[in-house]
1. Sort through B:159, B:207 and tell me the only one that's modelled with pLDDT of 95 or more and under 30 Å from residue A:144 (Cα atoms).
2. Does residue A:150 count as without any contact (Cβ under 8 Å) to a residue 12 or more places away in the chain and in contact with a helix residue (DSSP H, G or I) (Cβ under 6 Å, 6 or more places away or on another chain)?
3. Determine whether residue A:51 is buried (at least 20 other Cβ atoms within 10 Å of the Cβ), within 13 Å of residue A:136 (Cα to Cα), within 13 Å of DNA strand D (Cβ to nearest atom) and modelled with pLDDT of 95 or more.
4. Kindly evaluate residue A:83 against the criterion of being more than 14 Å from chain B (Cβ to nearest Cβ) and near DNA strand D (Cβ under 8 Å from one of its atoms).
5. With region B:78-185 as the region, which helices (runs of 4 or more DSSP H) entirely inside it contain at least 1 residues that are surrounded by fewer than 16 Cβ atoms within 10 Å (Cβ to Cβ)?
6. Inspect region B:197-210 for any residue being in a helix (DSSP H, G or I) and under 19 Å from the mean Cα position of the chain (by Cα) and give the result as yes or no.
7. All but one of (1) farther than 22 Å from residue B:187 by Cβ; (2) at the interface with chain B (Cβ under 10 Å from one of its Cβ atoms) hold for residue A:162, so report the exception by its number.
8. Do you know which of the residues in region A:65-74 that are under 22 Å from the mean Cα position of the chain (by Cα) and either crowded, with 20+ Cβ neighbours inside 10 Å or closer than 16 Å to residue A:30 by Cβ (or both) is nearest to DNA strand D (Cβ to nearest atom)?
DNA sequence: TATAGTTGTAGAACATCGTTCTATCACATT
DNA sequence: AATGTGATAGAACGATGTTCTACAACTATA
């Protein structure tokens, strides 16, 4: 058991706290962003499997040890990728000023798929752990939660406007998320058994809103 | 590039055709099922990551080479696991004699989740490729298709009975599949943000049927 | 300015993985 | 009884995540 090592402690050096004693010597943070950028580049260019410590280090022009010094291992680096992913997803879900509640939800739904298809590797890393990581940091989950809350907001808006039936907004948002995620995940994996995914997805959103409306 | 070897040819020996010359010497098929059974045992007991060629061979009391002799590699063995998985899923979806179309669909939906939760490792291997395989054999896709067709049948039944709105049954079945898969996948991965998954899933099915009915 | 300490680099090393190869051995058909 | 097919054991290769050690470079202090 326990397969590949992964020691107990090894908590990442918590690079948020300034330690407040003296003008703490800022560790060359360039290496950090260089590594994350490189990892993202490798992920998009060569796919999830190509995201190896050695490959990312080479891409960043940095020694492999940097990954362990700054992120505590591969998982720490991957977590940064996931953070960027969920941030992008949240941005996609933010309302674009739609007044009509149905349009607002429909638009968010369309942009959800758009994000997933334009960032397939990210999406699979986020929901499929295509890049194998042991656990997902609570830090990441918090950002994921923010994406979800964006959706909950739209649901509340729809209920307040009388467009959606009154229910626990969290529950309804979860239903929406489950639905769009399922469709998008199957589409990315090529398991969709319909000829026109674009149209089918629109129909799915229509069906969804029909099932949820007051 | 090309990461881990994986030669070009290596097509599995097509153990279906009897070669029709003489009473073809049946290659001790025991090794075959022993390996699949062992792989399944390892998968369920130790999780997807533990399904390694060596571990499965040990579990089966067989030499690692057996995997290559009989399945052409790890992927071939994994394909067998997937076949068993999709067969189980199809069995779960077969109607239990429900007359009411809504009940029939609802029941199938409940059993879908039941199967997934009772066979988490299988399910993740099927839809998440938790066991990393390069491509999925068309043979596997055929069985997956059979599961889907089971669902399409229920949809046709519902439309014929006037319980569901008239649409392309394939499209509607795809909508249902996307929805339940999304919910179940998120639940298995612990990404559900609702307190009572059981109740939420029932509500989801209710919403789904509401959106689909005539 | 000179010294000390932190930080990154380079490279080897370990265990595990999928995979291939080379022998040796057991069995079944002829 | 002779022959050949298939299984076995074990080493080997390349790649992976990870750790460790030695060395170079930079920053902050004396």
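1. B:207
2. Against the criterion (without any contact (Cβ under 8 Å) to a residue 12 or more places away in the chain and in contact with a helix residue (DSSP H, G or I) (Cβ under 6 Å, 6 or more places away or on another chain)), residue A:150 does not qualify.
3. On the way: buried (at least 20 other Cβ atoms within 10 Å of the Cβ): yes; within 13 Å of residue A:136 (Cα to Cα): no; within 13 Å of DNA strand D (Cβ to nearest atom): yes; modelled with pLDDT of 95 or more: yes.
No, not satisfied.
4. Against the criterion (more than 14 Å from chain B (Cβ to nearest Cβ) and near DNA strand D (Cβ under 8 Å from one of its atoms)), residue A:83 does not qualify.
5. Ranges flagged: B:101-118, B:138-160.
6. Taking region B:197-210 as the starting set, the residues that turn out to be in a helix (DSSP H, G or I) are B:197-210.
Filter again for under 19 Å from the mean Cα position of the chain (by Cα), leaving none.
No - not one qualifying residue is present in region B:197-210.
7. So the condition that residue A:162 fails would be (2).
8. In the first step, residues of region A:65-74 are kept if they are under 22 Å from the mean Cα position of the chain (by Cα); the result is A:67, A:70-74.
Keeping just the survivors that are either crowded, with 20+ Cβ neighbours inside 10 Å or closer than 16 Å to residue A:30 by Cβ (or both) gives A:67, A:70-71, A:74.
Working: A:67: 7, A:70: 12, A:71: 9, A:74: 3 Å.
Across region A:65-74, the extreme among qualifying residues is A:74.
The values are calculated or read from the model by the stated rules, or taken from the named source; none is laboratory data. All figures in this text were calculated on a predicted structure; none of them were measured in a lab. Counting neighbours? That spans all protein chains shown, and the Cβs are built from the backbone with ideal geometry, glycine included.
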